[in-house]
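**Student:** Mind looking over this structure? Questions follow.
The values are calculated or read from the model by the stated rules, or taken from the named source; none is laboratory data. Quick caveat, the model's predicted, so the values are computed rather than measured. In this analysis, Cβ positions are derived from the backbone assuming ideal geometry, glycine residues included, and neighbour counts consider all displayed protein chains.
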Amino acid sequence: MTARGGRAGAVAGGCLGQWAAVLLLLLGVSACAAGGGGPVPEAAFDPRSGQGAAAVVQAYYELIGDHNYGDAWRLWGEGGRTSGMSESAFADSFSRYSAYHAIVGTPGRVDAGAGQRYVTVPVQVHGRMRDGQAFDMHGEVTLHRTADIDGATAAQKRWHIRTITLEP
């Protein structure tokens with residue numbers, strides 16, 4: 001499924017409380033182990049880097065796991081609007097899941113051009129539907145930010161989710 005006009009979401013395995021994770025992300029530190037192409041380092045890193053983008057993905061899934069859908073929605077670009085859903089529709093899109101977990105992989109290379117930055121982060125999502133049926137999907141999250149250029153706001157310079165594509 002594709003998020004921007006579809007569904008996105010998952011939960012990171014509960015490594016930290018949601019606010020602790022967000023605080024660590026803002027400081028450029030990831031405390032949750034990740035999988036896929038390798039672990040997200042626990043050492044400090046530049047939040048503008050690919051690892052910074054992966055940390056946003058990790059926080060996104062953890063917020064969803066904690067049922068904090070509003071804060072997860074706001075990690076999408078344009079204050080949540082690039083998800084293609086309103087905040088309430090976004091929250092409702094997770095009502096059919098009883099458990100939703102994500103393994104966040106190693107980010108790809110940060111692509112640059114015309115003052116913009118993009119990076120893709122692999123993700124595996126698995127869990128249970130409310131009816132007890134298990135599911136397992138894989139895909140990628142693409143994030144965007146504006147480069148450190150004159151006139152760009154602090155919010156524009158932070159990584160935001162642009163798209164999420166998940167397939168069985």
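**Student:** Arg162: basic (Lys, Arg), in contact (Cβ under 8 Å) with a residue 40 or more places away in the chain and closer than 16 Å to Gln51 by Cβ, yes or no? Break it down stepwise before answering.
**Tutor:** On the way: basic (Lys, Arg): yes; in contact (Cβ under 8 Å) with a residue 40 or more places away in the chain: yes; closer than 16 Å to Gln51 by Cβ: no.
So Arg162 does not fit the description; no.
**Student:** For a quick check of your reading: which strands (runs of 3 or more DSSP E) sit entirely within the range 36-133 and have at least 1 residues that are touching a Lys or Arg at 6+ places or on another chain (Cβ under 6 Å), of a type in the set (A, V, I, L, M) and in contact (Cβ under 8 Å) with a residue 60 or more places away in the chain? Talk me through it step by step, then tell me what you get.
**Tutor:** Details: elements: 97-104, 111-113, 116-129.
Ranges flagged: 97-104.
**Student:** Output the number of residues of the range 121-141 satisfying the condition of being at pLDDT 95 or above, buried (at least 17 other Cβ atoms within 10 Å of the Cβ) and over 16 Å from Ala59 (Cβ atoms).
**Tutor:** Residues meeting the conditions: 4.
**Student:** Also: Out of Gly115, Gly108, Gly79, report the one residue that is among the small types (Gly, Ala, Ser) and over 19 Å from Ser49 (Cβ atoms). Talk me through it step by step, then tell me what you get.
**Tutor:** Values: Gly115 fails: over 19 Å from Ser49 (Cβ atoms); Gly108 fails: over 19 Å from Ser49 (Cβ atoms).
Residue meeting the stated conditions: Gly79.
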